[in-house]
Amino acid sequence: MSIKKMVILLGFLLVFYIVLSCLLKKGGASHEVNYTIKKDDVSLEVKEALIYHEKNEQDHYSFEVRVKNHLFSFRIFEPLHKKSYIIQDISYYEGNDYTCIYPTFKTKEEFHSILCLKDNIMYPYHTIKGKSVEVDNFVSTLEYNDSAYIEDKTDFLKKGTLTIYRKNILPNHYLAVENYKGLSLINQKDVYKNIELFTSDIYTKTMTIFDGSFYLSADYNQKYTFNELFKIDIKSGKKETLISNTALNLDGYFMGVIDENAYFFDKSRKEQYSVSLENKQIRKNGNQDTGIQIYENGAWKDVSSYVAYQNKLTFHQEKIVDQKYQQFDRVDKIGTHKAGSYYFYQKDGNVYHVYKAPILNETQYTYLFDTTNIEQVVYQNDFIYYIYDKDVRYYSDMTGSKTVLSNSEFAYNKSLKFGVFLS
């Protein structure tokens, strides 16, 4: 073959490769199929959709299983070689209280818990285990391994007011908890490390905030005003100091973090400031004359500084404010349009029940866990960290709820905060 023909052939192959790559990135491998699985005299209708290499979306399978007048929906965030018809069988139970399914897959791997339906709310089996003898008996007939959902508190470390459960700390999960003189860092490698920031105990700190891998705190070594903010990397423990040319007041409070900028309100000055976590600059955003801004439903909104003075105005990037959700005490929207979820918090006595629903089907509720504090919730990838009484726990569909630590001071001081970072 001549050199000219070889060049032409290589050019053709290069163009073919580029075109094929573009087609895959545009989602050419996504699919949607419908099929039926028979169990004795019961038909289970399956709708299976694969979202793969679609722009701004996370690869995943989405399933709907209809049986009689019941609908189960769930997702698996694994590509599984882009196969179709991947549910091989579905074990089915219908009793007086619950209707349950357990899908098994052609890959022989377990990707989801047994799902049970009651009053149009789905419950993963690990959340109701022991509550129904009939359901427990049904599960005992299955080849089902629930060891991933079993909590192990046998190996623990006591440090001051903290009890840390080593076996429940996950790799690459970095947790930080405020204490009265600074910060306690917890991770699988070091287990425990203390960062001292203040010479005296500070029991109430409104000028502190977590965001991702960072913790910000005003210098509480001063009595009324401060010119320095401490920035702590909760993974490494590294401390940096940010300087303000203006003496700011410790009576202020942090409002929230949006796009790597932390916002706080100085009550004495009635002024709003922002702190850039990237370039470490502190600048004034608004005052009594110009007003200030809060972040609501994905957009900035102008409000009077007097409102922020009279009320503690806080905002979260994920929080949704809408009258149609008025039966809930908090609603968050996390993730992309097809792969994302709403998280609903509903008060019941002294606890809040937490439910999840796909963004594309927001009335298909799945119960996850209970929390006692809806102001302290951290979403990191597929994990949710939250507080229940004195415990900091995490939840994921693959692990259920596990306790990382207990802090006896949580019983007396609800203002103590925690943060989480996954690397």
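The values are calculated or read from the model by the stated rules, or taken from the named source; none is laboratory data. Quick caveat, the model's predicted, so the values are computed rather than measured. Backbone-built Cβ (ideal geometry, glycine too); neighbour counts: all protein chains shown. Side chains are part of the model used for accessible areas, which takes the heavy atoms of the whole protein and leaves out ligands, DNA and RNA. Shrake-Rupley method; radii C 1.70, N 1.55, O 1.52, S 1.80 Å.
Details
- The base-10 log of I(q)/I(0) for region 287-423, evaluated at q = 0.21 Å⁻¹, reads -1.37 [Debye formula, identical scatterers on Cα atoms, solvent excluded].
- Accessible-area composition of the chain, carbon plus sulfur, in percent [1.4 Å probe]: 47
- Computed accessible area, residue 199, all protein chains, 1.4 angstrom probe, square angstrom: 110
- GNM top mover of 124, 103, 171 - the chain, alpha-carbon springs below 10 Å: 171
- The peptide list 229-238, 298-307, 355-364, put in order of mean Cβ contacts within 10 Å with the highest first, becomes 229-238, 355-364, 298-307.
- Distance cut-off 31 Å, percentage of C-alpha pairs in the chain lying past it: 51
- Build a GNM of the chain with springs between Cα atoms under 10 Å apart, and of 141, 399, 104 the one that fluctuates most is 141.
- Cα convex hull of region 79-193, projected area averaged across orientations, nm²: 11.1
- By the rule of a C-alpha distance below 16 Å, with chain neighbours fewer than 8 residues away ignored, the aspartates and glutamates paired with residue 68 are 40, 41, 45, 94, 97, 119.
- Nearby aspartates and glutamates by direct alpha-carbon distance to residue 338 (threshold 18 angstrom, same-chain neighbours under 8 apart not counted): 32, 48, 54, 57, 59, 64, 78, 318, 362, 382, 397
- Isotropic mean projected area of the C-alpha convex hull, region 82-148 (nm²): 5.1
- Of 158/193; 39/82; 193/231, those spanning more than 18 Å from alpha-carbon to alpha-carbon: 39/82
- Fully extending the segment from residue 350 to residue 396 would add 14.3 nm, taking 0.36 nm per residue of separation and subtracting the current Cα-Cα distance.
- Charge sum, other residues only, whose C-beta stays under 9 Å from residue 129's C-beta, Lys/Arg counted +1 and Asp/Glu -1: -1
- Under 16 Å from the Cα of residue 239 - aspartates and glutamates, other chains or at least 8 residues apart: 178, 196, 211, 219, 228, 278
- Sorted largest first, the spans of the alpha carbon positions of region 119-162 along the three principal axes are 44, 26, 16 Å.
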